[in-house]
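The values are calculated or read from the model by the stated rules, or taken from the named source; none is laboratory data. Everything numeric here is computed off the predicted structure, so don't read it as measured data. Cβ coordinates were reconstructed from backbone atoms using ideal geometry, including for glycine residues, and neighbour counts include every protein chain displayed.
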Amino acid sequence: MFAGFSDPAALRACIARDWTPRIGDPEITGWVTVIAYLVCLALAVQVLRRRPEGAARGLWLAIAGLTAFLGLNKQLDLQTALTATGRCMAHAQGWYEQRYVVQLAFIAGLVLGVAITLIWARKRLRGQMRRNGLALSGVTVLCGFVLVRAVGFHGVDSLISMDFANIEFNFWFENAGLVLIAINAIWLLRRGR
């Protein structure tokens, strides 16, 4: 028995009914965002290569990992796979009717984890905020974006689906964090020369 299924193949078949790997956001704004993630990843790696030990390397390593994951997720739509997995397991294990408790616990855990991580990062960066504060602000904006998407309340979804200049707020919100990270990285790289 595997997560309520006879074998892993049965779970995969259940998940495949709701999610298959494909381009999740084929619009131009989706591709621009993926490129922005890749640029931030490359910049973070460059900052890591040029920064001495202890010079906020942990922040830039986290930024490299976060931008790599979120860029991949942007087009593979992995959160839909996670939701489909949860739905399949809830049906198979008989707790589908109580799924709201699990969803609430997941979101609360995510919010708590992000809050603790950001507080910890700010504390660890004491004395280095002048040089890395913009990047931490960018990470905070990205985390806020992820949390808003995870919560997915109907009112919030309709708010971020509104547009400015014919482009959804969703795009502006997500890319604002990436721009802050990129500006900070470029500033550090130019300053290091």
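Observations on the structure shown:
- Count of the range 44-80 residues which are of a type in the set (A, V, I, L, M), in contact (Cβ under 8 Å) with a residue 60 or more places away in the chain and buried (at least 18 other Cβ atoms within 10 Å of the Cβ): 7
- Answer residue from the range 1-43, given it is among the aromatic types (Phe, Trp, Tyr) and touching a residue at least 60 places away in the same chain (Cβ under 8 Å) and is nearest to Leu82 (Cα to Cα) among those: Trp19
- Of the residues making up the range 35-57, those that are over 14 Å from Ala135 (Cβ atoms) and in a loop (DSSP other than H, G, I, E, B) are Pro52, Glu53, Gly54.
- Given (1) modelled with pLDDT of 85 or more; (2) more than 30 Å from Leu180 (Cα to Cα), number of the condition Arg12 does not satisfy: (1)
- Among the candidates Ala115, Ala92, the residue that is farther than 26 Å from Arg191 by Cβ and at pLDDT 90 or above is uniquely Ala115.
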